[in-house]
Structure formats: C-alpha cells, structure tokens
1. Among residues belonging to segment 75-115 that are over 24 Å from the mean Cα position of the chain (by Cα) and part of a loop (DSSP other than H, G, I, E, B), point out the one that is modelled with the lowest pLDDT.
2. Conditions first: (1) exposed (fewer than 13 other Cβ atoms within 10 Å of the Cβ); (2) under 26 Å from His20 (Cβ atoms). Gly73 passes all but one, so which condition is the exception?
3. Can you name the residue in segment 20-34 that is small (Gly, Ala, Ser) and in contact with a Leu (Cβ under 8 Å, 6 or more places away or on another chain) and is also farthest from Ala10 (Cα to Cα) among such residues?
4. I need the full set of residues from segment 79-92 which are charged (D, E, K, R) and surrounded by 13 or more Cβ atoms within 10 Å (Cβ to Cβ), in order please.
Amino acid sequence: MVRIKRGKAAKKHKKHLLKHAKGFRWGRKSKFKLAKDALAHAWEYAYRDRKAKKREKRQLWQVKINAASRANGVSYSRLIHALKQNNIELDRKILAELAENHPDIFKKIMEKISQ
C-alpha cells in the first residue's frame, strides 16, 4: 500500500487554529494543544452569548419603554396592549429609541392610544 502523509493538512489545521487564537494570553496563543482547548471554550461562550445578547437587549428596551410610559401615566403592559388594540405595529426596539431620544414623538403615540 501507498503511504499517506498528512503533514500539509496537519500544518494547515494548526495554522488555522493558531490564527484564531491570536490575542489570547500566555501559551494559549502559540501552543497548539492549549490553543485548541481555549478556542473550544471561546466558541462555546460566543455561541451562548449571541443568544443571551438578544435577551438582554429586549430587557433593556422594556425598561426604557416602561420608564417613559409611566412618566405619561400608563404601565408598560397596558401600553403594549393598547398598541396591539390600535394596530400600531412598532417593535420594542423602535419604541425604546423613541422613548429615549424623541420623547415628543413618544408622547404623540401615547396620545394616539389613549383616544
């Protein structure tokens, strides 16, 4: 049988992993075994936190909307319910932006749902 050599593939694999480990501290940036382990954890955390980031953003938007709506005399849940009843399709991200940076427009929306 013919001998199969994997030197090129192994070198490419190591080079690829070490490229991703750039910026890591201590030996994890240069030693393949340590880099491989560190990257496994890093990619796991990155995957998990991409989901968590969405939850955290939504929570932040809810807090901003609640603060602005309570300043106008309505609770968050009643505001969201009234928006759905009046077929005003603004998502929480946009409502939070309006509440924080454009309170006059947010107030007009509040007036619209109270009618």
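The values are calculated or read from the model by the stated rules, or taken from the named source; none is laboratory data. Keep in mind that this is a model prediction, so the values were computed, not measured. No Cβ is skipped: glycine too gets one built from the backbone with ideal geometry, and neighbour counts run over all protein chains shown.
1. Gln115
2. Failing condition for Gly73: (2).
3. For segment 20-34, the residue satisfying everything is Gly27.
4. Arg92
Okay, residues lined up against (1) part of a helix (DSSP H, G or I); (2) of a type outside the set (Val, Ile, Thr); (3) loosely packed, with under 11 Cβ neighbours inside 10 Å:
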position: Lys19; (1), (2), (3): yes, yes, yes
position: Lys22; (1), (2), (3): no, yes, yes
position: Ala35; (1), (2), (3): yes, yes, no
position: Trp43; (1), (2), (3): yes, yes, no
position: Ala46; (1), (2), (3): yes, yes, yes
position: Lys54; (1), (2), (3): yes, yes, yes
position: Lys57; (1), (2), (3): yes, yes, no
position: Leu60; (1), (2), (3): yes, yes, no
